[in-house]
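> Below is one structure. I have some questions about it.
Rule-based calculations on the coordinates, nothing more; no lab input. Since this is a predicted model, take the numbers as computed values, not measurements. Here Cβ is always computed from backbone atoms with ideal geometry, including for glycine, and neighbour counts include all displayed protein chains.
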Amino acid sequence: MLCDQPQPAPAPPGSAQSGRVPGKRRRSLAQGITHTIFSLFENRNGFWPCNHTVIQSIELEIGNRQTGGNVSKIEGIDTSIPPSGTGCADCLSGDGPGWWLNLRRCAQCGQIGCCDSSPSQHATKHAAETGHPIIQSFEPGENWFWSYQENDYIEGQELAPPTSRPVDQPKPGPEGKVPANWKDLLH
Ligand SMILES: [Zn+2]
Ligand SMILES: [Zn+2]
């Protein structure tokens, strides 16, 4: 199902959507607010002994309130966990016919699984078994996130690298395990 749906095109670097870090937008909002405050303070020169210290502490306070600290948390995403490997962990450990079409990464524990078009659909099975609700594509050039809870694409966060399988890794894969009639065997 996921594999057949049109996928949102990755935003070009430098565009408004390419950052995809909620904290960044909030930080510029905070900066806007503090800039306004700073302008007000400038008009009362001498009232505050050190404008910069006041401004910095206000900006830090606003930023912390909005993000809950330095990094905002999304339930189901752990940005510190690296991927489990370069291929579907369950396929490689011998479950099912052992080959895949597209790879997906569990955003919570890093488990690499195979997509819903693949024979074993390990990524979706992993989500159902563990309750880990969010995956990211592990295919080169794709950075979209999917939430099983919301049944929709969501805004994610930059995960620990690498964020895709090696470009020179064959698809379908892995090499030597893909039958000649693999197209007939897709879901
Ligand atoms: Zn698999
Ligand atoms: Zn997981």
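> What is the gain in length, in nm to one decimal, between Glu155 and Ser72 on full extension, counting 0.36 nm per residue of separation less the C-alpha to C-alpha distance? It would help to have the intermediate numbers written out before the result.
Details: separation 83, 0.36 × 83 = 29.88 nm, distance 1.26 nm.
Length difference between fully extended and current span is 28.6 nm.
> Using the Cα atoms as the points, what is the convex hull volume per residue of region 73-187 in Å³? Present the calculation step by step, with values, prior to reporting the outcome.
Numbers: hull volume 11.2 nm³, N = 115.
Output value, Cα hull per residue: 97 Å³.
> Show me the ranking of peptides 111-121, 129-139, 80-90 by mean Cβ neighbours inside 10 Å, starting with the highest. Present the calculation step by step, with values, prior to reporting the outcome.
Details: 111-121: 23.5, 129-139: 19.5, 80-90: 17.8.
Ranked by mean Cβ neighbours within 10 Å, highest first: 111-121, 129-139, 80-90.
> Multiplying the sequence separation of Thr130 and Val167 by 0.36 nm and subtracting their Cα-Cα distance, what value in nm do you get?
On the way: separation 37, 0.36 × 37 = 13.32 nm, distance 2.89 nm.
Length gained, Thr130 through Val167: 10.4 nm.
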